[in-house]
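Data first, discussion second: the structure below is written as structure tokens.
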Amino acid sequence: MNLAIVLVSPKTPGNIGSAARAMLNMGASDLRLVAPRCNHLDAQAVAMAVHADTLLRSARVYPTLREALADRDISVGTTARQRGDLPPPRHPAQLRPLVRAAAAPALVFGPEETGLINSDLEQCQATVRIPTGDYASLNLAQAVLLVCYEFLQGLDDVPDLERKTATREEMEAMYSHLHETMHLIGYTDAVRARHTLRLWRAMLDRALMNSAESRLFRGFLRQVHWKIGDAGRRGTEAVAEGEASDTPET
């Protein structure tokens with residue numbers, strides 16, 4: 001499986017190295033780091049990676065989560081709690097068919113102290129919660145090991161039907177376009193825009209659009225922009241014609 005493991009703003013080299021080792025244990029090899037707060041090739045990271053040092057050295061570093069997910073078609077965030085108006089986290093077994101059917105899935109893990117924040121989880125089509133006892137806080141490497149096991153080694157039937165969904169960059173571009181259109185037509189305002197867009201994201205992400213479908217939706221949004229612009233031009237021309245007709249002849 002072409003599975004990417006994305007660590008958002010990891011704090012310590014040892015945790016990054018241990019996460020790389022956990023990935024190697026479970027058969028994952030694509031490590032992506034978003035704005036790390038340490039040197040991921042520090043001696044401590046290499047020591048903790050043990051035989052996964054090659055995997056660690058090949059890790060790619062990105063300034064933002066959006067860029068790290070740009071070529072992915074499904075992204076699953078990890079969280080231990082329910083977040084407001086975001087979809088509730090699900091058991092790994094419930095998400096396994098979705099991840100295994102994807103062409104380029106990603107698992108996203110947050111900083112050691114806080115986990116993923118809401119703006120990170122908004123970019124994920126689903127969230128997963130590792131079943132634990134009352135104390136749900138896991139070390140970063142532990143979380144990587146357990147979630148990778150569930151999706152790479154856990155026993156389950158692989159779905160027969162595979163669907164090539166749009167990349168996250170295509171979907172994020174579509175959501176930016178939708179956000180602009182909402183403001184243009186007065187569908188929402190600056191105060192409610194984020195909440196409203198989250199609801200649209202949740203609905204449209206469930207559709208698992210492919211690239212052609214995302215372009216189709218954006219074509220509709222472009223037509224809305226053109227129609228409003230055309231109406232504005234017609235109104236301006238009508239006003240100008242009216243002013244001209246009111247001008248007395250000399």
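The values are calculated or read from the model by the stated rules, or taken from the named source; none is laboratory data. All of these numbers come straight from a predicted model, not from anything done at the bench. A quick note on method: Cβ atoms are made from the backbone with ideal geometry, for glycine too, and the neighbour counts reach across all protein chains shown. Areas reflect the complete protein model, heavy atoms only, side chains present, ligands, DNA and RNA absent. Shrake-Rupley method; radii C 1.70, N 1.55, O 1.52, S 1.80 Å.
Explain nothing, just compute: Karplus ³J(HN,Hα) = 6.51 cos²θ - 1.76 cosθ + 1.60, θ = phi - 60°, for every residue of the range 204-220 in order, whole Hz, x for Gly and Pro.
Working through the residues one at a time gives 6, 5, 5, 6, 6, 4, 8, 4, 5, 5, 5, 5, 4, 5, 5, x, 4 Hz.
What longest range of the chain stays clear of loop-exposed GluC sites (Glu not before Pro) (DSSP non-H/G/I/E/B, at most 15 other C-beta within 10 angstrom)?
Longest gap between qualifying sites, sites excluded: 1-112.
Ignoring any ligand, DNA or RNA, what whole percent of the accessible area of the chain comes from carbon and sulfur when the probe is 1.4 angstrom? Working shown, then result.
Numbers: 7330 of 13170 Å².
Carbon and sulfur atoms account for 56 percent of the accessible area of the chain.
Rank Ala49, Ala166, Ala136 by mean-square fluctuation in a GNM of the chain with C-alpha springs under 10 angstrom and give only the top-ranked residue.
So, out of Ala49, Ala166, Ala136, the one fluctuating most is Ala136.
For the chain, build the charge dipole from Cβ charges (+1 Lys, Arg; -1 Asp, Glu) around the Cα centre, then report which of Val50, Phe151, Ala80 sits farthest towards its positive end.
Val50
In the range 173-220, which trypsin sites (Lys or Arg not before Pro) fall in coil by DSSP and have 11 or fewer other Cβ atoms within 10 Å?
Hits after loop and neighbour filter: Arg192.
Given springs between every Cα pair under 10 Å in a Gaussian network model of the chain, which of Gly219, Gly84, Gly133 has the largest fluctuation?
Greatest mean-square fluctuation among the candidates belongs to Gly133.
Could you work out how far helix 13-26 tilts from the main Cα principal axis of the chain, as a 0 to 90 degree angle to the nearest 10?
80
Taking the Cα centre as origin and putting +1 on Lys and Arg beta-carbons and -1 on Asp and Glu beta-carbons, what dipole magnitude results for the chain, to the nearest 20 debye?
Working: 28 positive and 30 negative charges, 146 e Å.
Approximately 700 debye in magnitude.
Once each part is reduced to its C-alpha centroid, what is the distance from the range 96-141 to the range 1-73 in angstrom?
Spelled out, the Cα-based centre of one part sits 15 Å from the other.
Given a 1.4 Å probe, how much area per residue of the chain is accessible, in Å²?
53
Which ³J(HN,Hα) values, rounded to whole Hz and listed in residue order, are derived for the range 41-54 from phi using the Karplus coefficients 6.51, -1.76 and 1.60 in 6.51 cos²θ - 1.76 cosθ + 1.60 with θ = phi - 60°, glycine and proline given as x?
10, 4, 4, 5, 5, 5, 5, 6, 6, 6, 7, 9, 5, 5
Can you find, among His225, Thr12, His195, the residue sitting farthest towards the positive end of the charge dipole of the chain, where Lys and Arg contribute +1 and Asp and Glu -1 at Cβ?
Value: Thr12.
Do me a favour and compute the ellipsoid semi-axes for the chain from its Cα gyration tensor, root of five times each eigenvalue, largest one first, whole Å. Could the numbers behind the result be given before it?
Working: eigenvalues 405, 74, 56 Å².
Listed largest to smallest, the semi-axes of the chain are 45, 19, 17 Å.
Which listed residue (Ala136, Val108, Leu69) has the Cα farthest towards the positive end of the charge dipole for the chain, taking +1 on Lys and Arg C-beta and -1 on Asp and Glu C-beta about the Cα centre?
So the residue we want is Ala136.
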